[in-house]
Amino acid sequence: MEQFLPWLDPIWVENLQVRLEHWFLVEVLTWTSLAQLGAVVVAAILSWPLSRPVNRLLGRLAGKTVGWERRLHLAVTYLPALAFPATYWLLVQLCIAIAASTGFPHHILTIVLSLLSAWLVIRLATSVIANREVARVVSILAWGVATLNILGLLGPLETFLDGVAIPLGSRRITVMSVIEAMVLFVVLLWLAGAAGRFVALGLNRSQTLTPSIKVLAEKAIKVALIAAVFLLTLNYMGVDLTAFAVFTGAIGVGVGFGLQKVISNLISGFILLMDRSIKPGDVIEISDTFGWVDKLSARYVALTTRDGRELLIPNEDLITHQVINWSYSNKLLRLPIKFGISYDSDPRKAMELAIDAALSVDRVHKDPKPVCRLMGFGDSSVDFELRIWISDPEAGVVNVKSDVFLALWDRFHEHGINIPFPQREVTIKKGSNVSVARETDAED
């Protein structure tokens, strides 16, 4: 085991301690080195007050970039954070120039200048990353690698990590190979995400593809890219993909029984995308729930109702239950509006007024034109049905009916068309005894 974990060897640890002590005494505890370190500290102290005017100037510049492209705007708004390291870099550069002109050693100052240069370049490069936490992590890792390289420690560290290994069957898994695989996986995953967003942007701009085909193609491409990244990383680590396939097939059977609903929703989602029965923007009704489709996900459909609620309906429910799609082939929708008038009113005049009232509402189509039909003679009223057409059911159905009813009310009152109350006729047969009593208050 000691050949794989060298730090467990006491002799190795003792030799490392001796080398570090020798380096500290010879390289650090000298007058020239201490003078250079003092110049570095003084330059850092002076950089704080000197960088403030630069910080304010860059802040005003960043405030004027509102209309710029998003990524470039992020980079410009990040400039004030570079005021201190940039000022520090200039002061160290000035110290190196003075030392070079006087013949004073300046190797430590040169190392610090290289570190500051790497700091500036890395922070400016990571400023285009929208997620600040991710940008911070990337900056720290990149600057750490740059520091090791500048100090000449990157090569020895790679050799050390490559020597720390664990035997796994016929293979030798080193710490260095694991780190390289992790870095490769993150980089490839980021590239796959960027490629997926680029493809999705191209698909959304297409005028020939339907919304459901766009969503299906986007999800299929993202899944394929992530699978490719995973397989490439495993291949880089030397994992036998054939054995991996057998292993995943074995556990897949067991997991499938526990995830029947999830798998059913996934398959139902692909069916919905392929048959295009429901697509983003459609107005649907399911189980007395009415709304329009905002998003088709792998597991659910996001439905927004008229009152602003967002319902997540499992894809399986849309396959197994009856769904009314009000905009399946087109958004043209006919709405029936029932009303009645009294028997002493003119029915033909009422029909004309009903059509005129419907045409006065903006959302009602003029073509097809509204029609009014006499449906029957009721107990208390003559019954009619006004049929109107709209093409924007996502804007609501009840509200347009309400507008038509209000227009009907106004026109009927203007032209003397009465809307009756329930009426009953009482017939008294001849020879029947009828008594009539009048109720009065006790005081009367």
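What follows is calculated from the coordinates using simple rules that are stated; it is not laboratory data. These figures come from a predicted structure and were not determined experimentally. Don't worry about glycine lacking a Cβ; one is built from the backbone with ideal geometry, like all the others, and counts go over all protein chains shown.
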Over 21 Å between alpha carbons, listed pairs Lys219/Lys279; Lys261/Lys331; Lys214/Lys261; Lys214/Lys279; Lys279/Lys338: Lys261/Lys331; Lys214/Lys261; Lys279/Lys338
In order through the range 276-284: 3J(HN,Hα) via Karplus (6.51 cos²θ - 1.76 cosθ + 1.60), integer Hz, x for Gly, Pro: 6, 6, 9, 9, x, x, 5, 9, 10
Pairwise FRET efficiency - Val223 versus Met375, Cβ, R0 = 56 Å, nearest 0.05: 0.55
Nitroxide proxy distance, nm - points 7 Å out along Cα→Cβ at Leu120 and Asn433: 11.9 nm
Difference of contour (0.36 nm per residue) and Cα-Cα distance, Thr289 to Asp383: 30.9 nm
Counted charge near Gly269, where neighbours are those whose Cβ lies closer than 14 Å (Asp, Glu -1; Lys, Arg +1): +3
Within the range 363-380: backbone nitrogen closer than 20 Å to the Arg306 label point (7 Å, Cα to C-beta): 363-365
Reciprocal of mean inverse Cα separation for the range 333-414 (Kirkwood radius, Å): 12.9 Å
